[in-house]
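Below is one structure. I have some questions about it.
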Amino acid sequence: MTRPRFNRILLKLSGEALMGEGAFGIDPATTARLAGEIKAAREAGHEICIVVGGGNIFRGLAAAAKGFDRTSADYMGMLATVMNALAMQNALEDIGVDTRVLSAIPMATVSEPYIRRRAVRHMEKGRVVIFAAGTGNPFFTTDTAAALRAAEMSCNALFKGTSVDGIYDADPKKVAGATRYERVSFQQVLSDDLKVMDASAVALCRDNNIPIVVFNIREQGNLTRVLDGQGTATIVQNEE
């Protein structure tokens, strides 16, 4: 079944997507490839904004489990997302894509503060907007930040780029016979705990009728194909 074509989307990238085959940090070649994917999608007529995680540098929840104060650990994780946002900005501007980084934690030396109307205006001017520092609050993941920004930017969909080609009923890397869903409802994702995004992010998308599209960002050219309704992906949406 052909999926709809989405014009304005928020792309959620994990921090791990930027580290390539490494175990830590930012891989310039991988970041450049992702930038090329985003540029191709933009040239195909799509408006794009981005939320990137920070797990390749620092993961607040994991640090809290090891004894860090949770609030401090989450703020450290937010700062990691700013580093990743600047890396994506550099890669995009190296290939001629006009970008703006907007941070939920004000840091005027390296980014603009997040102001919704300013972000909307940047998108209207054709810029790729990269949102950094999550929601600016501890105890919220970058998944929730992505859902929140997608709603604020009036996005048609939230695209989650992963290392698998959709949502399965079991981990396809561990279970050979796992079945991929073509479409699944928000309610099933929550009731079956399908681990697409955290529950608050899924509920926020459900309540604002923003489909979540899960696809493999590591496959060359896949972002543009899925945006145009082709390619392999799973779409999470409200039941009709």
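From ARG5, ARG42, which residue is of a type in the set (D, E, K, R) and in a helix (DSSP H, G or I)?
Answer to the selection: ARG42.
When you look at ILE105, is it more than 23 Å from ARG225 (Cβ to Cβ) and either at pLDDT 95 or above or not aliphatic (A, V, I, L, M) (or both), yes or no?
Criteria met by ILE105.
Still on this structure: Kindly indicate whether any position in segment 51-61 is in contact with a Phe, Trp or Tyr (Cβ under 7 Å, 6 or more places away or on another chain), more than 17 Å from ASN222 (Cβ to Cβ) and either of a type in the set (S, T, N, Q) or surrounded by fewer than 23 Cβ atoms within 10 Å (Cβ to Cβ) (or both).
Within segment 51-61, one or more residues are in contact with a Phe, Trp or Tyr (Cβ under 7 Å, 6 or more places away or on another chain), more than 17 Å from ASN222 (Cβ to Cβ) and either of a type in the set (S, T, N, Q) or surrounded by fewer than 23 Cβ atoms within 10 Å (Cβ to Cβ) (or both).
Would you check which residues across segment 90-113 are over 22 Å from ALA35 (Cβ atoms) and touching a residue at least 12 places away in the same chain (Cβ under 8 Å) and list them?
Matches in segment 90-113: ALA104, ILE105, MET107.
Is it true that some residue in segment 153-162 is more than 30 Å from PHE68 (Cα to Cα), small (Gly, Ala, Ser) and touching a residue at least 60 places away in the same chain (Cβ under 8 Å)?
yes
Another question, if that's okay. Considering only segment 153-184, state which residues are surrounded by 15 or more Cβ atoms within 10 Å (Cβ to Cβ) and in a loop (DSSP other than H, G, I, E, B).
MET153, CYS155, ASN156, VAL164, ASP165, GLY166, PRO172
OK, next. (1) closer than 30 Å to MET123 by Cα; (2) outside any loop (DSSP other than H, G, I, E, B); (3) polar (S, T, N, Q); (4) over 14 Å from the mean Cα position of the chain (by Cα): which one isn't true of GLN187, the others all being true?
Every condition holds for GLN187 apart from (1).
Does PHE139 qualify as being aromatic (Phe, Trp, Tyr), closer than 26 Å to ALA203 by Cα and surrounded by fewer than 19 Cβ atoms within 10 Å (Cβ to Cβ)?
It is true that PHE139 is aromatic (Phe, Trp, Tyr), closer than 26 Å to ALA203 by Cα and surrounded by fewer than 19 Cβ atoms within 10 Å (Cβ to Cβ).
If you go through segment 192-224, how many residues are crowded, with 19+ Cβ neighbours inside 10 Å, at pLDDT 95 or above and either in a helix (DSSP H, G or I) or over 15 Å from the mean Cα position of the chain (by Cα) (or both)?
The total comes to 5.
Here is a further query. Mind listing whichever residues of segment 146-179 are farther than 30 Å from TYR114 by Cα and in contact with a helix residue (DSSP H, G or I) (Cβ under 7 Å, 6 or more places away or on another chain)?
Hits for segment 146-179: nothing passes.
Taking only segment 8-29 into account, find how many residues are in contact with a Leu (Cβ under 9 Å, 6 or more places away or on another chain), closer than 19 Å to ALA133 by Cα and part of a loop (DSSP other than H, G, I, E, B).
Qualifying residue count, segment 8-29: 2.
Here's another thing I want to ask about it. Residue pairs, Cβ under 7 Å, 6 or more apart or interchain, first in segment 124-142 and charged (D, E, K, R), second at pLDDT 95 or above. List them.
Close Cβ pairs satisfying both conditions: ARG127/ASP98; ARG127/THR99; ARG127/ARG100.
The values are calculated or read from the model by the stated rules, or taken from the named source; none is laboratory data. Note that the structure is a prediction, hence the values are computed from the model and not measured. Note that we place each Cβ from the backbone using ideal geometry, even for glycine, and neighbour counts take in every protein chain shown.
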